[in-house]
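Have a look at the structure that comes next, please.
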Amino acid sequence: MALYIVKRLLSALPTLFIIITLSFFLMRVAPGGPFDLERPLEAKVMENLKRVYQLDRPLWEQYLIYLKSLLHGDLGPSFYWRDFSVNELFARALPISMRIGATALGVALVVGSLLGALAALRQNSAADYAVMTGATLGITIPTFVVAPVLQLVFGLALAWLPLGGWNDGAWRNSILPIATLALPQIAIIARLTRASMIEVLRSHHIRTLRSQGLPLRYVLKHSLRAAALPVVSYLGPAAAALMTGSIVVETIFAIPGIGRYFVDAALNRDYTLVMGTVILVAVLVVLFNLVVDLVYAWLDPRVRYE
Amino acid sequence: MTAIDGAQSPPSSPAPQGRSLWSDARARLMQNRAAVASLIFLAFLALAFTLGRAITPHAYDQVFPDYVKVQPSLKPYPLADQIGPALDRIVARMRVQAVDRKIEGDVVRMTFESPRPIDERLLAYFERSDLFHPARVVERQEEGRRLVVEAPIERRLFLFGTDSNGRDLLSRILLAGGISLLIGILASLVALIIGVAWGAIAGYFGGRVDMVMMRIVDILYSLPFIFFVILLVVFFGRNFVLMFIAVGAIEWLDMARIVRGQTLSIKRQEYVQAAEALGVDSSGILRRHIIPNTLGPVVVFLTLLVPKVILLESFLSFLGLGVQEPMSSLGVLISDGAKNIQGASYMLIAPATIFIAMLFALNFVGDGLRDALDPKDR
Amino acid sequence: MTGEPVLEISGLKVVFSTPDGPVDAVRGVDVSVRRGETVAIVGESGSGKSQMMMASIGLLASNGRSSGSVRLEGREILGLSSRELDRVRGRRVTMIFQEPMTSLDPLFRIGDQLAEPLMVHGGLSRGAAKARALELLRLVGIPEPERRIQSYPHELSGGQRQRVMIAMAISNNPAVLVADEPTTALDVTVQAQILALLADLQKRLGMAIVFITHDLGIVRRFADRVYVMRRGEVVEQGETARILAAPQHDYTKMLLEAEPTGTKAPPPADAPVVVSARDVHVTFKMPAGMFKPPHLVRAVDGVSVELKRGQTLGVVGESGSGKSTLGRAILKLTPAAGAIRFEDRNLAPLDRAAMRPLRKSMQLVFQDPFGSLSPRMTVGDIITEGLLVHEPQIDRAAREARAAQALTEVGLDPASRNRYPHEFSGGQRQRIAIARAMILEPAFVVLDEPTSALDRSVQREIVNLLRGMQERRGLTYLFISHDLAVVRAMADEIIVMKDGLAVESGPTRQIYEEPRQDYTRNLIAAAFLSRRAEAA
């Protein structure tokens, strides 16, 4: 088990290396630089800045310097928020993004699988159609439509919740972002659960339970666990989708998380911050996929590796 | 029964046609009311996006400064209460005094006075306004210090209202819808071509080829791709081609996996082994057995991919990284609308409704195709 | 044995609503089962025998409707709510199924699955239920029950899984056990063990068994009374001995005679050798699992065969014995080591491209008539695909003519060549597959279980068809089968395979009458080959 985890983590290293290299050179060959402001800086100031940030060295040297500092866990100084290092920015932004993302995922899992299971058990009933229509809507309506509508309804018309801002993580401020982020995931998970549950309910081992006269709660116990497998496999892509969604949500609700930093950083050519975000996201995806595989193996004895 | 008879004379009676799986699937699809309605709706949309723009009275990039953010209306503009203020503005610009004005049907009749003779070229202000046709001098009095002028009112229809620049929203939606659909289809085709080729080759040849090719897919999978797309678009500028290459490049991974899985399972089917036993070569097996049998899932995935791509494009547009003015996509319009949600909510409602209806229909068609092609309960 | 009726089915009808309209699966049947007896329901596929019993205990698919009356121990159970049914099922009546591989939940331990009905119906605590589960496993003869109770289904063989299913079914001492083809998916030796287990349990526990089967051999051994079903109706019923000895209904007679009969005349001693293979080895490299190192499996381990013109060599063995792999190795469809000769050519050095011209003379027919025909091609295209490769000069009309001729030869309507495989029955599909092989006029055909997926009556027709073609064309067959009755009717010589080795070989008569190896003896005993003699 421990060996397996170590092996998986080691096998992720080449991928990470490719990501780092690719994004490093992609950014540097692109036109524009971090100090190309609308009003050009004085040549002297520019030179100074470039020296401080080591942009005057040859590209390969910059690359090696960057790799070296990465090995020490240092993501370098931010080019835009010049008083901060990328590590410092992340130390503040990451917990915020994680909290919203994790809560949204949790909500989506619980609500989505409950709705999906309900629809599967009452297949072709009004409840089923309602859930499936809602799910299709949830998948098709983009996050950036849901967010302003929620703002309009709960923020302005009813004035129950604040329109945006983080306010040091007050729960009232996080309801709308979490809801926005969770809605499409609820929809997807509900559809997945319904489909797999319907298939499980038709399977031979459920027929066995019924032939043994086991009551509904046993049928549920067996079918939910089997139906959970595709949902668990979906969690990897779901985490990636949440990170994408966080870009929108954090922008609309003015939340100082990773997603918002990324867009700002990209627009401002903040090389190190962009790199840092890309690396961070890649690491998170790798870790999350590992966790998903472990959970899958825990649920399904057939893939256990002993 | 004898060999010679059969070989020499062609079969006498024409053999009846059987029901192929495709025609079975078509029949099942036609029984699916939601899918058929969606198909009709999509056909209507496609028609509207291509031909509709020719019918709408306004060009998609025509700006009406006098009609910024006007509400959708079945009645033609200008409304009665808009004419007065517009005339006031014109009079103010002409620096004359209006002593009398009458609105008779579609014509405004005004009398201007000024201490000095009035330059008739000033009447061009009527023409510049979006509300009136060119004005005409009916009567000239007091050596040109008093003019009686008639200006026909120009009626304009803004069924969907106008946007914050005063452009006809209907025309823009038709343009944007067309572009969104085009991006959706083109990017899906990019994904289709790369994905099918990659997956079929990996799956059919198997072994080391498969291992290397799928390892590449795995690595690409774990890249935070959306971030790369954003990087690409930010750093290399926003253009149409880059857009669907970027989007297509993300989505081919899924396609490759599906096709590979499908190919692997078909390769194990006995009919492929039978073809090998008959001595059919690789290209014949791919052409006659593998590709026709992978087609079903691929078609289904393709129909479900188009809405996904449209969503992705709209996401980029929302970040301001998508299609650029004066062109537009539904994502651009929706994000405009979201910014103007207070006061001009129709700017969100109209494009969002079309967008959602379109994606809904595409999803229904995809689901319908899946049920038709893969009938589990038969 | 003659007690009061414990299960009485009367006037039972089952209708399925399908997109093509309602389908009558069961059209009003009466079946009565007395306490402690064994009743066999016999019929071929589609006779409604399974659906009748499924309907009786409320297990129909959601599109099925049943009407009539089913009385269990005097109480009407048809139309009970599922809650009320749950108090009957598992307690008074239980069912085991044909698919031992999928009938247990793969995600839960055997012990937990066994304990559930005990806790629900027997009111046992978890601990007591576990202890009882252990006893049950011991009772059904699972080796090392203490260890197996912790196992997951995938760690058990098919036979063991069926034993676990039986343990679960008998756990609450039901009055009736319905067994739906419980041994069909198992090897013959395992089949015999499971049947013996059921007979033994019945003796000890005194339950009635309703045995649904297509296999008259099992009926003879096992059942007190028989119901013969056809197209949703009972056509004949009575004491087993009477039915088998003096069947009244034509359908029953047909079923009894459906077993392939006769033997094949051996080819002349001076017939030329068509195929010879010496010391064939096939080794598969199993890829490494997440934690398993890669390992080698010897599927065929040094087998030699020689086939003369007009000869049929039968290859028998249980699943996993390597018999199919041997067939493929001889056709060079699987990489193999060893000297393989066809007519006067050495095949060993030939690669795929070099083998291609020879494929015309060496053909293959598969077991699964559903999987071996490309679902999106017409029958005509399927049959003539080989002609595209081997006789590219002939045009479409000539190909059509050849297809029509080939279809006629295998007993199908030549007008059906534009139809698709899914429009045919299993037996018809197997004929199509035979036509595809024969249109090339091969000299040598490997028949890989060509009859195993078919009903007995259809099997017999296919056997006759194959024998007829062999006679007319002087074909050489390698006939692979686990079904010893069919092999006896087809083969001049037999090799018996086990774990990749040829354990015994010789003329058919010698193998059947004087088997030298225990393994062969077991196979033959398990296959109930004496049944015709018994009945006569």
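If packing is taken as the average number of other Cβ atoms within 10 Å across a peptide's residues, how do B:260-270, C:381-391 rank, most packed first?
The peptides rank, most packed first, as C:381-391, B:260-270.
For chain C, what size does the Cα cloud have along each of its three principal axes, sorted from largest down, in whole Å?
Projected onto the principal axes, the Cα atoms of chain C cover 73, 53, 47 Å.
I would also like to ask the following. Could you name the aspartates and glutamates whose alpha carbon sits less than 19 Å from that of B:K75, not counting residues in the same chain fewer than 8 places away?
B:D66, B:E104, B:D106, B:D130, B:E154, B:D163, B:D168
Given the DSSP H assignment, sum -39500 (n - 2.57) over each helix run of at least 4 residues in the protein assembly as shown and divide by its residue total; what's the result at 222 nm in deg cm²/dmol, nearest 500?
-17000 deg cm²/dmol
In Å³ and rounded to a whole number, note down the convex hull volume per residue for the Cα atoms of the stretch C:176-250.
Convex hull volume per residue, Cα atoms: 100 Å³.
Shape verdict for the stretch C:40-82, please, from the Cα gyration tensor: rounded (a/c under 1.5), prolate (a/b greater than b/c) or oblate.
Oblate.
Across the residues of C:148-158, average count of Cβ atoms on other protein chains within 10 Å?
That average works out to 1.
Now a separate question. Angle check, please: helix B:291-318 long axis (alpha carbons) against the longest principal axis of chain B (alpha carbons), in degrees 0 to 90, nearest 10.
Between the helix axis and the principal axis of chain B, the angle is about 30 degrees.
Restricting everything to alpha-carbon atoms, can you work out Rg to Rh for the stretch C:412-530 with a Kirkwood hydrodynamic radius?
That ratio is 1.02, to two decimals.
If you take every residue apart from A:I279 with its C-beta less than 15 Å away from the C-beta of A:I279, what net charge results, scoring Lys and Arg +1 and Asp and Glu -1?
Net of charged neighbours comes to -1.
For the protein assembly as shown, give the share of DSSP beta bridges that are antiparallel, in percent and rounded to the nearest 5; count only bridges with both residues there.
65 percent
Related question: What does the charge count near C:R34 come to, summing +1 for each Lys or Arg and -1 for each Asp or Glu among other residues with Cβ under 11 Å from its Cβ?
Result for the local shell: -2.
Specify the residue with the greatest mean-square fluctuation among A:V153, A:V286, A:V231, computed from a Gaussian network of chain A linking alpha-carbon atoms under 10 Å apart.
A:V153
Right, here's the next one. Would you mind giving the three semi-axes, in whole Å and largest first, of the ellipsoid equivalent to chain A according to its Cα gyration tensor?
44, 26, 14
Taking every DSSP beta bridge that has both residues in the stretch C:1-141, what percent is antiparallel when rounded to the nearest 5?
95 percent
Near the amide H of C:Q311, under 5 Å away, which other amide H atoms are found, from residues 5 or more places off or on another chain, if H is placed in the peptide plane?
For C:Q311, whose amide H was placed from the backbone, the distant partners under 5 Å are C:Y477.
Next question, about the same structure. Could you work out what % of the accessible surface of the stretch B:80-152 is carbon and sulfur, using a 1.4 angstrom probe and leaving DNA, RNA and ligands out of the count?
The nonpolar share, carbon plus sulfur, comes to 44 percent.
Across the stretch A:173-181, in residue order, what do the Karplus-derived ³J(HN,Hα) couplings come to in whole Hz, using 6.51 cos²θ - 1.76 cosθ + 1.60 with θ = phi - 60° and x for Gly and Pro?
So the J values, rounded to whole Hz, are 6, 9, 5, 5, x, 5, 4, 4, 5.
Just A:D74, A:D270, A:D56 to compare: in a GNM of chain A, with alpha carbon springs under 10 Å, which one fluctuates most?
It is A:D56.
Just check the stretch C:222-342 against the gyration tensor rule for me: Cα atoms, a ≥ b ≥ c as the square roots of the eigenvalues, rounded for a/c under 1.5, and otherwise prolate or oblate depending on whether a/b exceeds b/c.
Oblate, since a/c reaches 1.5 and b/c is not below a/b.
Continuing with the same structure: Using the reciprocal of the averaged 1/r over all distinct C-alpha pairs, how large is the Kirkwood radius of the stretch B:277-319 in Å?
That comes to 12.9 Å for the stretch B:277-319.
Residues of C:375-381, mean number of Cβ from any other protein chain within 10 Å of their own Cβ, rounded to a whole number?
The per-residue average across the peptide is 5.
If the viscosity is 0.890 mPa s and the temperature 25 °C, what Stokes-Einstein diffusion coefficient in µm²/s follows for the stretch C:329-385 when Rh is the Kirkwood radius over Cα pairs?
For the chosen part, D equals 184 µm²/s.
Next question, about the same structure. Tell me the per residue accessible area of the protein assembly as shown using a 1.4 Å probe; a whole number in Å² is fine.
Per-residue value: 44 Å².
Scaled to the compact-protein estimate 2.2 N^0.38 Å, what is the alpha-carbon radius of gyration of the stretch A:96-228, rounded to two decimal places?
Dividing the Cα radius of gyration by 2.2 N^0.38 Å gives 1.28.
Got a sec to turn the phi values of the stretch A:55-70 into Karplus ³J(HN,Hα) couplings, 6.51 cos²θ - 1.76 cosθ + 1.60 with θ = phi - 60°, whole Hz, x for Gly and Pro?
Karplus values, whole Hz, x for Gly and Pro: 7, 8, 7, x, 4, 5, 5, 4, 4, 5, 4, 5, 4, 4, 5, 4.
Can you list the trypsin sites (Lys or Arg not before Pro) in the stretch B:127-166 that are in a DSSP coil and have 13 or fewer other beta carbons within 10 angstrom?
B:R155
Equivalent ellipsoid semi-axes for the protein assembly as shown, as square roots of 5 times the alpha carbon gyration tensor eigenvalues: give them largest first, rounded to whole Å.
Each semi-axis is the square root of five times an eigenvalue, giving 70, 35, 35 Å.
For chain C, what are the DSSP H helices with axial Cα length of 24 Å or more and mean Kyte-Doolittle hydropathy of at least 0.0?
Span-like helices, by this rule, are C:188-205.
Compute the acute angle (0 to 90°) between the alpha-carbon long axis of helix A:271-299 and the principal axis of greatest extent of the alpha-carbon atoms of chain A; round to the nearest 10°.
Around 20 degrees separate the two axes.
Find out how many positive minus negative residues lie around A:W166, taking Lys and Arg as positive, Asp and Glu as negative, among other residues whose Cβ is under 15 Å from that of A:W166.
+2
Another question about this same structure. List, in the order given, every pair from B:K267/C:K498; C:K13/C:K203; C:K285/C:K323; B:K308/B:K339; C:K253/C:K323 whose Cα-Cα distance in the structure shown is over 30 Å.
Long pairs (Cα-Cα over 30 Å): C:K13/C:K203; C:K253/C:K323.
Is the stretch B:80-152 best put as rounded, prolate or oblate by its Cα gyration tensor, with a ≥ b ≥ c the root eigenvalues, rounded for a/c under 1.5, and otherwise prolate when a/b is larger than b/c, oblate when not?
prolate
If you don't mind, there's one more thing I want to ask. For chain B, what log10 I(q)/I(0) values come out of the Debye formula at q = 0.07, 0.08, 0.12, 0.15 1/Å, with one point per alpha carbon and no solvent?
-0.52, -0.62, -1.00, -1.26
A further question on this structure: Just the Cα atoms of the stretch C:1-70: what Rg and Dmax do they give in Å?
Final numbers for Rg and Dmax: 13.0, 46 Å.
Using a Gaussian network model of chain A with C-alpha springs under 10 Å, which one of A:I100, A:I189, A:I18 is most mobile by mean-square fluctuation?
Result: A:I18 has the largest fluctuation of those listed.
Next up: Quantify how strongly other chains surround peptide C:170-176 by giving the mean number of their Cβ atoms within 10 Å of each of its Cβ atoms.
Across the residues of C:170-176, the mean count of other-chain Cβ atoms within 10 Å is 1.
The values are calculated or read from the model by the stated rules, or taken from the named source; none is laboratory data. Because the structure is a prediction, the values reported are computed rather than measured. Positions of Cβ are generated from backbone atoms using ideal geometry, with glycine treated the same way; all protein chains shown enter the neighbour counts. Heads up: the accessible areas ignore ligands, DNA and RNA and are worked out on the full protein's heavy atoms, side chains in. Shrake-Rupley method; radii C 1.70, N 1.55, O 1.52, S 1.80 Å.
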